[in-house]
Amino acid sequence: MTRQTNHPTSSTRDAGSSSDKRIILSKVMLILSVLCILLAVGVWGFSVLAPQISASPVSPPPHDQKGATATNNLDASTQAKALATQYMQAFIKQDYKSMWSLLHPQIQNKWTDETSFAAFLQKHFQDYTLQSFTIGQASTQAYWINPETMEQYNQIEKLPVSLILQLKPTPKQNLLPPEDVHPAQIFQNLPFIAQQITPIGKKDKQWVVLAGGPADPEAPVLPPVTPPSKTVQVPILMYHYISDVPANDPNPALRLSLSVGPKQFTQQMDYLKQKGFHTITLNELMDALYYDAPLPSKPIILSFDDGYIDAYQNAYPILKAHGFSGMFYIITGKVGWQGQMNWVQMREMLANGMQIGSHTIHHVDMGDTYLASPTVAQQEAQLSKITLEKNLGVLIQHFCYPNGGPFKRGSLALRAEVVSLLASDGYVSATTDPGMTGTLQNSLTPLAMLRIRVDGRASLLNFAQSLPG
């Protein structure tokens with residue numbers, strides 16, 4: 001059987017071709033119509049929006065903004081480092097006149113005059129040969145608070161400065177504490193603070209010194225090879241809890257004596273402010289005893305034992321509100337426990353003008369512990385200091401005796417042994433727990449500073465009567 005194949009005729013092919021052409025032409029016309037409509041809309045939109053666009057300010061792209069900021073920071077850092085270099089070079093050369101000229105006017109106000117500033121530096125470093133210094137990378141900080149005045153300075157540059165210095169030859173070298181024998185070890189990465197200001201009566205800005213690093217009054221204390229005999233009247237108040245007594249406290253009578261409520265504490269701070277008292281740091285006290293640095297009128301130190309959480313929650317904000325600083329003695333073995341401060345809180349307090357000292361690892365009586373084991377007593381003092389320095393990034397030179405031992409009941413020989421131990425660990429001051437009390441501080445007994453205990457049961461009148469007039 002033969003298969004037949006049908007082939008299209010010529011007329012059929014012509015008809016199909018004509019139909020295809022009409023379809024293509026229709027599509028082309030449709031596309032052209034759409035393009036015309038879009039063009040018309042575009043012309044209208046441009047005519048409406050163009051005036052607004054041309055009138056709008058042109059902002060640089062984010063990349064350019066970052067570049068400008070980086071350049072400005074670089075300029076500030078470079079200028080601050082140049083200032084630090086100039087200041088430290090003058091210090092090495094003992095060119096105190098040049099150093100004085102670079103100080104912020106408010107920092108100059110601490111001193112009686114340029115002569116007293118120069119005399120302080122001469123006495124502070126009279127036993128040493130100043131050799132050289134190094135300056136680290138500058139960093140921009142939003143603010144810095146002067147712990148001596150609690151004044152805040154905004155937009156500052158901070159640089160770590162280290163000083164190389166050497167003890168001059170002395171026959172007493174074997175009797176000296178470690179900070180005297182190896183001073184370069186503690187003069188490492190000390191904060192140099194600079195700020196750009198426009199001086200009164202001048203048009204041009206200039207960089208000035210707020211904190212002088214190794215040459216600052218808050219730099220590490222170096223006990224003189226031959227300490228002077230001097231006393232100054234500085235009450236050191238001793239607080240524990242700044243909170244009300246909890247209803248479930250197991251020993252409410254004891255807790256009441258140790259607790260000053262926030263309202264009562266505020267009244268006491270109001271009184272101090274009204275009577276013209278000025279808080280000072282323990283470094284300021286040591287500077288006055290050892291190097292004749294000036295103190296403000298009616299100086300006072302506010303100290304807080306044990307590192308309770310209410311020190312951060314209550315004492316710290318009330319102190320700040322009054323422009324006062326405080327010294328907080330920390331039991332390092334309890335940091336972060338329930339009811340105790342943690343490291344983050346302490347770092348915040350340090351950055352806002354407060355000071356930190358050691359109160360041992362486990363709150364042990366140093367006299368009793370020394371009698372049982374001098375090694376354990378050494379560890380309590382030494383390791384608590386190391387722990388604080390590691391976690392807070394600052395040198396710790398100040399100590400507080402838990403429960404006052406050995407100064408409440410220890411023998412004179414035991415007291416001398418414990419004092420010698422603390423000195424060998426690098427402490428330059430230690431405060432007692434009354435027992436011994438008073439307001440007169442002595443340069444010859446810096447590791448037995450007297451305090452006044454603030455009793456939570458006392459009235460405001462009792463508080464006022466405990467202070468010098």
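The values are calculated or read from the model by the stated rules, or taken from the named source; none is laboratory data. It should be emphasised that the depicted structure is a prediction, and the values quoted were computed from it without experimental measurement. With ideal geometry, Cβ positions are generated from the backbone for all residues, glycine too; neighbour counts draw on all protein chains shown.
Scanning the stretch 366-389 for residues that are buried (at least 22 other Cβ atoms within 10 Å of the Cβ) and either on the phi > 0 side of the Ramachandran plot or not polar (S, T, N, Q) (or both) returns Met366, Gly367, Tyr370, Ala377, Glu380, Ala381, Lys385, Leu388. For a quick check of your reading: which strands (runs of 3 or more DSSP E) sit entirely within the stretch 352-440 and have at least 3 residues that are of a type in the set (Ser, Thr, Tyr)? Hits in the stretch 352-440: none.
If we scan the stretch 276-287, do we find a residue that is under 27 Å from Val428 (Cα atoms), touching a residue at least 12 places away in the same chain (Cβ under 8 Å), among the β-branched types (Val, Ile, Thr) and part of a loop (DSSP other than H, G, I, E, B)? So far as the stretch 276-287 goes, yes, one or more of its residues are under 27 Å from Val428 (Cα atoms), touching a residue at least 12 places away in the same chain (Cβ under 8 Å), among the β-branched types (Val, Ile, Thr) and part of a loop (DSSP other than H, G, I, E, B).
Mind listing whichever residues of the stretch 390-406 are surrounded by fewer than 18 Cβ atoms within 10 Å (Cβ to Cβ) and aliphatic (A, V, I, L, M)?
Within the stretch 390-406, Leu392, Val394 qualify.
When the stretch 178-210 is filtered for residues that are in contact with an Asp or Glu (Cβ under 7 Å, 6 or more places away or on another chain) and among the small types (Gly, Ala, Ser), only Ala194 remains. Scanning the stretch 449-465 for residues that are surrounded by fewer than 11 Cβ atoms within 10 Å (Cβ to Cβ) and in contact with a Pro (Cβ under 7 Å, 6 or more places away or on another chain) turns up nothing.
Is it the case that some residue within the stretch 252-260 is surrounded by fewer than 18 Cβ atoms within 10 Å (Cβ to Cβ), part of a loop (DSSP other than H, G, I, E, B) and assigned by TED's automatic domain parsing to the domain that holds Asp305? No - not one qualifying residue is present in the stretch 252-260. Only residues that are assigned to a loop (DSSP other than H, G, I, E, B) and either crowded, with 16+ Cβ neighbours inside 10 Å or among the acidic types (Asp, Glu) (or both) were counted in the stretch 225-251, giving 9.
Taking Phe187, is it under 30 Å from Gln155 (Cα atoms) and touching a Gly at 6+ places or on another chain (Cβ under 6 Å)? Give the derivation first.
Values: under 30 Å from Gln155 (Cα atoms): yes; touching a Gly at 6+ places or on another chain (Cβ under 6 Å): no.
No: the conditions fail for Phe187.
If you go through the stretch 261-289 and keep only what is hydroxyl-bearing (Ser, Thr, Tyr), crowded, with 16+ Cβ neighbours inside 10 Å and either at pLDDT below 95 or closer than 30 Å to Asp249 by Cα (or both), you end up with just Thr266.
Per the listing Pro446, Pro468, the residue uniquely in a loop (DSSP other than H, G, I, E, B), crowded, with 18+ Cβ neighbours inside 10 Å and of a type outside the set (Gly, Ala, Ser) is Pro446. The helices (runs of 4 or more DSSP H) found entirely in the stretch 69-153 that carry 2 or more residues being within 21 Å of the chain's Cα centre (by Cα) and touching a residue at least 24 places away in the same chain (Cβ under 8 Å) are 105-108.
Residues that are among the polar types (S, T, N, Q), exposed (fewer than 14 other Cβ atoms within 10 Å of the Cβ) and part of a loop (DSSP other than H, G, I, E, B) within the stretch 171-188 are absent altogether. Does the stretch 308-323 contain any residue that is closer than 27 Å to Thr231 by Cα, surrounded by fewer than 22 Cβ atoms within 10 Å (Cβ to Cβ) and under 20 Å from the mean Cα position of the chain (by Cα)? Within the stretch 308-323, one or more residues are closer than 27 Å to Thr231 by Cα, surrounded by fewer than 22 Cβ atoms within 10 Å (Cβ to Cβ) and under 20 Å from the mean Cα position of the chain (by Cα). Among the residues of the stretch 324-351, write down those that are over 16 Å from the mean Cα position of the chain (by Cα) and part of a loop (DSSP other than H, G, I, E, B). Ile331, Val335, Gly336, Trp337, Gln338, Gly339, Met341 - these are the residues of the stretch 324-351 that are over 16 Å from the mean Cα position of the chain (by Cα) and part of a loop (DSSP other than H, G, I, E, B). Taken across the stretch 290-302, residues that are basic (Lys, Arg), part of a loop (DSSP other than H, G, I, E, B) and surrounded by fewer than 21 Cβ atoms within 10 Å (Cβ to Cβ) do occur, with at least one present. The one condition from (1) crowded, with 18+ Cβ neighbours inside 10 Å; (2) part of a strand (DSSP E or B) that Pro160 does not meet is (1).
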